Structure formats: structure tokens, C-alpha cells
Amino acid sequence: MKIKTKFGIAMQVLCILCLAGSTLYLLIGWNQIPAEVPGHYTFSGEADSMTGKGSLIFLLVLNWLMYLGISLLEHFPQAWNTGVKITARNRVRVYRILYHMIVCLKLSVVLIFSFITVWHENYMPSWFFAATMLLSLGPMVFFLVQLWRAR
């Protein structure tokens, strides 16, 4: 069953642009990045440990791996835990809603990890935690409400 949509393709393009941008940022600016970068931040946004700049490569590779893993998952809707009974009547709608949720969450993951990769200051903006929660939970709540209505 083909469930790709223009919305899904747009999310895919945004993910690729974001990943390419973070990759290029590290490639082009590697020599300007300090030898030690924050490895962990407190809840208030202050760095409480430092690590080598090689950890930025780890974050970038992890970002690409998560992107590829979620992209692979998109192709197997029968593996998705729908939470609702799939019938011939609601099948297309339920899978489309879940597909949109997955591509939104994929973009959220890519955005969060790309930001962490390129932000190597001694503090994390105060809005970062709230933005991370909103980017992670917002699409899930929105699409799960749609899914509940579509059952």
C-alpha cells in the first residue's frame, strides 16, 4: 500500500536539508570548533562536563542512523503498533495518520540532534528543553487524537 504524501515528501526534504546542513557545518567549520565542547548540560542550561570535539561526530553519525532507521520503519506499516483495530474501512486513513506522525517525529529527532551538534557553547538556551518536549510530544498528541477520531 502506497501511503507517501506531499506532506511526507516535504518532511523528508526538510530532514535531508537539516542533516546535510549539520554535516557541512562540521566539515567546513571543524578547525574553528574548540578542542573541548560541552558534553552535558544541567537542567538550567549550564555545561557541567566537557568532552572532545570528536563527540560531535558521534552525534552526527547517531543522527544519520536514527534518520535511516525511522526511514526504514516507514516502509513497513504492518509493523506499526496502531492502537486501533485495522479494518478494510479505516486502513488507509489510519496508516496515513501514522505515517504523518512518523515523518513528523523523524523531523523532530533530526532537528533536535542537529541543533545539539552545531550548538557547542558553554550554555544551552533556556528554551531548548521546552522546545525538545514540544517537538517530541506535540506531533504524537496531535496525530494520536486524529487516530482516535479515525477509528
Condition first: polar (S, T, N, Q) and over 25 Å from SER114 (Cβ atoms). Now tell me which residues in the range 124-151 satisfy that.
GLN146
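Could you tell me whether any residue of the range 116-123 is more than 11 Å from the chain's Cα centre (by Cα) and free of Cβ contacts under 8 Å to residues at least 12 places away in the same chain? Give the steps one after another, and end with the answer.
Kept after step one, since they are more than 11 Å from the chain's Cα centre (by Cα), are these residues of the range 116-123: 116-123.
Checking the rest, the ones that are also free of Cβ contacts under 8 Å to residues at least 12 places away in the same chain come to 119.
The answer is yes, given that some residue of the range 116-123 is more than 11 Å from the chain's Cα centre (by Cα) and free of Cβ contacts under 8 Å to residues at least 12 places away in the same chain.
Select from the range 109-137 the residues that are of a type in the set (S, T, N, Q) and within 18 Å of CYS18 (Cα to Cα) and list them in ascending order.
Step one: of the range 109-137, the residues of a type in the set (S, T, N, Q) are 114, 117, 122, 126, 132, 136.
Scanning the range 109-137 gives SER114, THR117, THR132, SER136.
Would you check if LYS53 is touching a residue at least 24 places away in the same chain (Cβ under 8 Å), under 22 Å from VAL109 (Cα atoms) and of a type outside the set (Val, Ile, Thr)? Write out each step before concluding.
Numbers: touching a residue at least 24 places away in the same chain (Cβ under 8 Å): yes; under 22 Å from VAL109 (Cα atoms): yes; of a type outside the set (Val, Ile, Thr): yes.
Yes: the conditions hold for LYS53.
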Within the range 1-58, tally of residues that are part of a helix (DSSP H, G or I), of a type in the set (S, T, N, Q) and under 30 Å from TYR95 (Cα atoms):
1
Among the residues of the range 17-33, which ones are over 21 Å from the mean Cα position of the chain (by Cα) and surrounded by 10 or more Cβ atoms within 10 Å (Cβ to Cβ)?
GLY29, TRP30, ILE33
Quick one: in the range 83-119, of everything that is crowded, with 17+ Cβ neighbours inside 10 Å and among the hydroxyl-bearing types (Ser, Thr, Tyr), which residue is nearest to GLY29 (Cα to Cα)?
THR117
Do we have ILE102 as in contact with an Asp or Glu (Cβ under 6 Å, 6 or more places away or on another chain) and either hydrophobic (A, V, I, L, M, F, W, C) or outside any helix (DSSP H, G or I) (or both) here?
yes
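Given TYR123, TYR99, which one is hydroxyl-bearing (Ser, Thr, Tyr) and touching a Phe, Trp or Tyr at 6+ places or on another chain (Cβ under 8 Å)?
TYR123
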List pairs: first in the range 1-24 and at positive phi, second surrounded by 12 or more Cβ atoms within 10 Å (Cβ to Cβ) and among the polar types (S, T, N, Q), Cβ under 9 Å, 6+ apart or cross-chain?
none
I'm told SER126 meets every condition in (1) small (Gly, Ala, Ser); (2) in a helix (DSSP H, G or I); (3) in contact (Cβ under 8 Å) with a residue 12 or more places away in the chain except one. Can you identify the failing condition by its number?
(2)
Out of (1) part of a strand (DSSP E or B); (2) closer than 18 Å to ILE3 by Cα, the one LEU72 does not meet is (1)
Quick one: in the range 41-58, which of the residues that are within 23 Å of the chain's Cα centre (by Cα) and among the β-branched types (Val, Ile, Thr) is farthest from MET124 (Cα to Cα)?
ILE57
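Every number here is computed from the coordinates shown, using simple stated rules; none is lab data. As the structure is a prediction and not an experimental result, all values here were calculated from the model. All Cβ positions, glycine included, derive from the backbone under ideal geometry; neighbour counts span all protein chains shown.
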